Structure formats: structure tokens, C-alpha cells
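I have placed the structure first, in the form of C-alpha cells, so that the comments after it can refer back to it.
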Amino acid sequence: MAIYHATMKSFSRGKGDSSVAAAAYRAGFDVLDVGTGLGHNYSRRHGVAFHQMLSPRGAPSWCLDAKKFWNANEAAETRLNARVCREVEVSLPHSLSADQRQELALALGQLLVDRFQVAVLVAVHKPSNQGDQRNHHVHLLMSARKVGADGLGERACAEFDARQGGGTRALRQIRKDIEQVINGHLAMAGHKSRVDHRSLRAQARDAALQGDFERARTLTRKPMRHLGKARVAVERKAKFTAEMHGVGGKEAVMSLSRILMAHMKLSGGILHDTPSRHNHAAALRDLRREQLSNDNDAAPAAWDATGNPVSQAKSRLAGASVPSGIHTPYSGQTRHLSRVARLARSTGKDAEMLNAEAKLIEDWLEAQREVAQQALEVLRLVPGIQIEPEFQQAHSALVCRRVDSYASKSFLFEDTESLANAVSTYARMVIRPYRARMEVLNAQAALSEHGNAPTSHAAIRARRALARSKAHVSPRIVAIQNWRINQARQKMKEACESLEKNFAVPKLEDLSADVPRNEANESAAQQAGNWELTIRRPRFAP
């Protein structure tokens with residue numbers, strides 16, 4: 001199986017990089033940096049299978065001398081933060097022979113030379129003795145400037161520095177070209193395996209569309225990540241592995257373990273025998289048992305030693321937080337109130353517990369109302385905006401009190417907070433296009449102030465700011481923002497419908513059914529046509 005890997009990185013003098021040092025390390029030779037006077041000695045390093053310089057047709061002969069060229073390349077850059085070179089690292093198929101991999105590496109280097117008119121150092125590296133023996137790869141070190149008949153010229157590879165996605169598109173194109181070169185050499189060598197520069201998800205989708213569901217299932221796996229030499233070196237130093245191969249290997253390992261254990265016991269070390277029943281599964285069971293016991297101990301925290309409820313609303317509101325290791329979209333106050341409601345239902349002391357937590361409930365309700373009010377104020381910032389019915393319904397549902405459901409139904413607090421988050425997200429999505437248009441107007445006004453000096457630095461910065469602000473109102477960005485607004489509106493609508501369905505507020509007719517009526521007064525009021533309704537604030541009473 002051939003694995004595709006091709007990455008590009010830049011070397012900058014501002015970060016302390018040197019193209020001379022990079023070339024010496026990748027090619028494995030000794031060289032003196034004339035500019036700094038530092039010597040880079042890598043002739044004793046292992047793993048370099050082959051290296052060669054490539055240059056465009058008509059370039060001076062000294063461009064094929066790696067030591068001379070990279071010193072000249074370093075001297076051509078005068079800025080302190082100059083980019084001195086670029087590198088493309090490509091994985092070579094291990095199914096090819098050494099000569100075939102060398103030909104492939106030279107073909108990849110020539111591709112870069114012809115495409116960008118630069119000089120390229122091709123350095124093929126072998127796998128490390130301690131690493132994966134299939135890790136054959138090539139380093140293609142490119143000069144930062146074009147190379148012509150007069151030597152180093154203007155800056156090269158400007159397409160990789162393009163803005164607004166241009167650099168990404170150029171990188172994807174070169175990755176696609178590298179894929180074609182590798183597949184061509186695999187075909188010439190008689191191998192059926194091929195590489196693909198696309199992501200595993202894109203490959204699986206394409207295989208499914210073509211009807212190859214077995215290949216699509218194989219490609220539906222977690223992608224591997226390139227660790228890099230620094231992380232691999234740390235892992236190798238931190239991890240100790242003792243392996244015994246050949247006949248009697250198991251006995252040798254056991255003998256070594258017994259000798260080590262006896263030495264630790266004699267020297268007073270902390271090494272001791274592990275109980276036979278103490279394994280990984282037992283450790284997981286102990287951890288689960290401890291978590292359950294902690295939850296049971298924390299549940300009756302709202303009760304004192306005599307069994308009476310204790311009010312901890314102020315401390316809960318100030319210090320309630322999500323425990324370490326628990327990831328939840330709800331706040332600590334919401335999780336605590338939901339736990340109190342469940343405990344109230346299970347113990348039958350709902351009124352006592354709710355009265356004990358009344359301050360926390362009031363603060364929580366006020367927080368939800370503030371979220372709804374802030375979302376409404378944000379929308380009112382847009383001149384001439386028409387508040388949509390979905391937002392009006394969600395706003396009304398959010399500010400409505402549902403006292404009867406506090407201790408009788410589950411997930412009231414969670415669903416209410418989810419609706420508050422949905423309302424806030426919707427308001428932010430709606431206001432974003434308006435702010436983008438305002439930024440364009442402000443940038444145009446700032447640019448108009450520099451009409452007398454269009455070439456000044458301030459005018460140049462103003463034009464750049466205007467270009468950036470216009471990019472945020474482009475048709476593509478507007479389409480994305482509209483899609484996000486529709487998604488936020490749909491989520492807000494679903495959250496509102498769920499809250500209204502699961503925690504419906506009793507209608508006025510139902511509430512008035514239990515109230516004693518005075519028929520005389522009622523008929524008089526009907527005749528007068530003047531109805532007066534008084535809604536009193538409910539209390540948490542049994």
C-alpha cells in the first residue's frame with residue numbers, strides 16, 4: 001500500500017533559520033557559512049542515501065555545487081526577516097527499489113525546477129534504524145529566488161504567498177502534480193498501488209459514488225498524523241523497551257525481570273510484586289466505583305445533619321462550575337438546579353428544596369431574561385429590521401416562567417438554557433452582515449480623508465483596510481452568512497418548539513377553573529365589557 005505524504009514549509013531568517021545549515025543537514029556534508037562564519041558539520045550523520053543539485057537550463061555551472069550555491073543564496077537575502085528557502089518533503093513508496101526511488105526523487109525535483117525556475121537540492125533519506133522501515137522520503141530544498149543565466153534573480157514561488165485562498169490553491173495544485181509523478185513511476189515499475197493527494201473522506205465519498213463500497217469502508221478510518229522528528233526523538237528517549245529475539249527469548253526476559261526485582265528489594269527500592277488480581281480491568285472498576293460514591297456523597301449536599309434543607313444559593317451561583325474532566329454545554333448553575341429538581345422529585349420534598357434554592361432560581365431566571373433582552377437589543381441595532389416571528393416566539397418562551405415544571409419535570413433548566421444559547425447565536429448571526437457593511441462604509445470614509453495624498457502610508461493602509469472589509473461582503477461570504485442565519489433560525493425554532501411542547505404553560509382558562517367565581521360580579525363585568533386580569537407571582541409552597 002502506497003501512502004501519500006507531501007508537505008511544504010518555509011525557512012525564515014527572522015526565526016533563526018539558515019539555508020546553508022538546512023542544505024548541510026539534508027545532504028549530509030560539511031560546509032562553512034561565509035556570511036556568519038559558522039561551520040555546519042553533518043558528514044557523519046546517517047540516513048542520507050543520495051543528494052544532488054538541480055538547476056534550470058542555462059544557469060551557471062556553480063549552481064550545481066551545493067556548498068557554493070547555498071552560500072550565494074544566503075548572501076542574496078539582505079533583510080533580517082527574509083525568507084531564505086522553501087522545502088517540499090515527499091514520502092517515497094517503499095515498494096520501489098533504491099534506484100527507482102532515486103529516479104522518482106530527481107523527477108520530483110525537476111518538476112519544481114521547471115515549474116518555478118529555482119534551484120533544488122534533492123536529498124533522499126533512508127528510514128531510521130529505530131523507526132518504520134518503510135519511511136523512505138525525499139527533501140526538496142528550493143531557493144527563494146529564481147535562477148537564470150546571471151545567477152539568482154527575482155523572488156520565486158509568489159503564488160504560495162497569495163492571499164484570499166490563492167496560496168492554498170497553489171499548494172493543492174503542486175500536491176496534485178506530485179501525485180501524478182509518483183503514480184507514473186509506480187505504473188512504470190509494474191505496481192498496481194497508487195497514491196491519492198485527497199483526504200480520506202473525499203476518497204471514501206468518491207469510492208461510494210462509484211459503487212466500490214468495500215474500498216469506501218476501508219477508507220473510513222482515522223487519518224494518521226505526521227509526528228515529526230522532534231516528537232519522535234522525545235518518545236524514543238522517554239520509552240524503554242526491552243526485547244529478546246531468537247530461541248529462549250522469553251526465558252531470558254523472565255530471568256532479567258527476576259534479577260532486577262531482587263536487586264531493587266536488596267537496595268530498598270520501591271519495586272514490589274504486583275498482585276495477580278490487580279490488572280487494568282480491576283483498575284477501571286475501582287475508578288468507576290469511586291466516581292459513583294463521589295456522586296452519591298455530593299447528591300444530598302443541600303441537606304444538613306438533621307435532614308433539613310440548607311440554602312446555598314449565593315455560594316452556588318458564585319462558585320458553581322463544571323467539575324474537572326466533565327465536558328458539558330450547560331453552566332454549573334443549570335446542572336446544579338437540575339440535580340436539585342431530581343432530588344426533590346425522588347424525596348418528595350420539592351417545596352422545601354425549591355424554597356431553599358429560591359435565590360439561585362431567581363438569579364438563574366434573571367440571567368435567562370437578560371440573555372433574551374440582550375439578543376433583542378442587538379437586533380434593534382440594525383436600522384429598519386423586521387423582527388421575525390420565530391424570534392418573537394422564542395423570546396416570549398424564554399421570558400415565560402414555568403414554575404409548575406421546576407420539580408415535576410426533567411431537563412427544564414437544560415432545555416431553557418439551550419433556547420437561550422440558540423437565541424443569542426441567532427442574534428449574532430443576524431447582526432454580522434450589518435456590521436460587515438458598516439465596516440466597508442467606515443473604510444471608505446477613512447480612505448476619502450487621504451484624497452490629497454493617495455501615495456502616503458496612511459492612504460495605503462486605508463486602501464488595504466477597505467479591501468479586507470470588502471472581502472467580508474463578497475457574494476460568497478454573504479451566501480455563507482445567510483446559510484448560518486438559516487441554521488441558527490432553525491435551531492432556535494426547534495429549541496422553542498421543544499420547550500413549549502415539553503413544558504407547556506397552563507392556559508388562563510385552566511388557571512381560572514380553580515378560582516371561586518362571583519356570578520353577579522362576572523355578569524356585571526361582561527355587560528360592561530371591561531375585563532381586568534391580575535397575575536400574581538407564584539410562590540414555591542407545598
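The values are calculated or read from the model by the stated rules, or taken from the named source; none is laboratory data. Computed from a predicted model, the values in this text were never measured in an experiment. Neighbour counts are summed over all protein chains in view; Cβ atoms, including those assigned to glycine, are modelled from backbone coordinates with ideal geometry.
Residues checked against (1) within 34 Å of the chain's Cα centre (by Cα); (2) on the phi > 0 side of the Ramachandran plot; (3) of a type in the set (Asp, Glu):
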position: Glu103; (1), (2), (3): no, no, yes
position: Ala107; (1), (2), (3): no, no, no
position: Leu111; (1), (2), (3): yes, no, no
position: Asp114; (1), (2), (3): no, no, yes
position: Val124; (1), (2), (3): yes, no, no
position: Pro127; (1), (2), (3): yes, no, no
position: Met142; (1), (2), (3): yes, no, no
position: Asp150; (1), (2), (3): no, no, yes
In segment 447-474, what residues are surrounded by 14 or more Cβ atoms within 10 Å (Cβ to Cβ) and assigned to a loop (DSSP other than H, G, I, E, B)?
-> His450, His472, Val473
Kindly indicate which of Asp206, Asp177, Asp196 is modelled with pLDDT under 90 and either touching a helix residue (DSSP H, G or I) at 6+ places or on another chain (Cβ under 7 Å) or not assigned by TED's automatic domain parsing to the domain that holds Leu92 (or both).
-> Asp206
Determine if segment 479-488 includes at least one residue that is at pLDDT 50 or above and of a type in the set (D, E, K, R).
-> yes
Odd one out for Thr36 among (1) out of contact with any strand residue (DSSP E or B) (no Cβ under 8 Å at 6 or more places or on another chain); (2) in a strand (DSSP E or B); (3) among the polar types (S, T, N, Q) | (2)
Return the residue satisfying two criteria in turn: it lies in segment 387-433 and is closer than 19 Å to Glu362 by Cβ and of a type in the set (Phe, Trp, Tyr), and of such residues it is modelled with the highest pLDDT.
-> Phe413
Sort out which residues of segment 48-69 are surrounded by 14 or more Cβ atoms within 10 Å (Cβ to Cβ) and outside any helix (DSSP H, G or I), and write them in order of number.
-> Val48, Ala49, Phe50, His51, Gln52, Met53, Leu54, Ser55, Pro56, Ala59, Pro60
Matching residues in segment 20-60 (closer than 14 Å to Val84 by Cβ, touching a residue at least 60 places away in the same chain (Cβ under 8 Å) and touching a Ser or Thr at 6+ places or on another chain (Cβ under 8 Å)) number 0
State whether the residues of segment 132-143 include one that is surrounded by 15 or more Cβ atoms within 10 Å (Cβ to Cβ), among the small types (Gly, Ala, Ser) and in the same structural domain as Gly184 (by TED's automatic domain parsing).
-> yes
Which of the residues spanning segment 180-225 are among the hydroxyl-bearing types (Ser, Thr, Tyr) and more than 23 Å from Arg101 (Cβ to Cβ)?
-> Ser199, Thr218, Thr220
Got a sec? Which of Ser97, Ser61 is within 30 Å of Ala187 (Cβ to Cβ) and small (Gly, Ala, Ser)?
-> Ser97
Restricting the search to segment 125-144, which residues are under 16 Å from Ala6 (Cβ atoms) and either among the hydrophobic types (A, V, I, L, M, F, W, C) or assigned to a strand (DSSP E or B) (or both)?
-> His125, His136, His137, Val138, His139, Leu140, Leu141, Met142
Close pairs (8 angstrom Cβ cut-off, 6 or more residues apart or separate chains): polar (S, T, N, Q) in segment 154-180, in a helix (DSSP H, G or I) anywhere = Gln164/Ala471
Would you mention how many residues in segment 160-198 are touching a His at 6+ places or on another chain (Cβ under 6 Å) and of a type outside the set (Lys, Arg)?
-> 1
Listed residues Ser91, Ser95; which is surrounded by fewer than 19 Cβ atoms within 10 Å (Cβ to Cβ) and closer than 30 Å to His197 by Cβ?
-> Ser95
Test for Ala436: is it part of a helix (DSSP H, G or I) and touching a residue at least 40 places away in the same chain (Cβ under 8 Å) = yes
Which residues, taken from segment 467-487, are among the hydrophobic types (A, V, I, L, M, F, W, C) and more than 19 Å from Ala162 (Cβ to Cβ)?
-> Val473, Val478, Ala479, Ile480, Trp483, Ile485
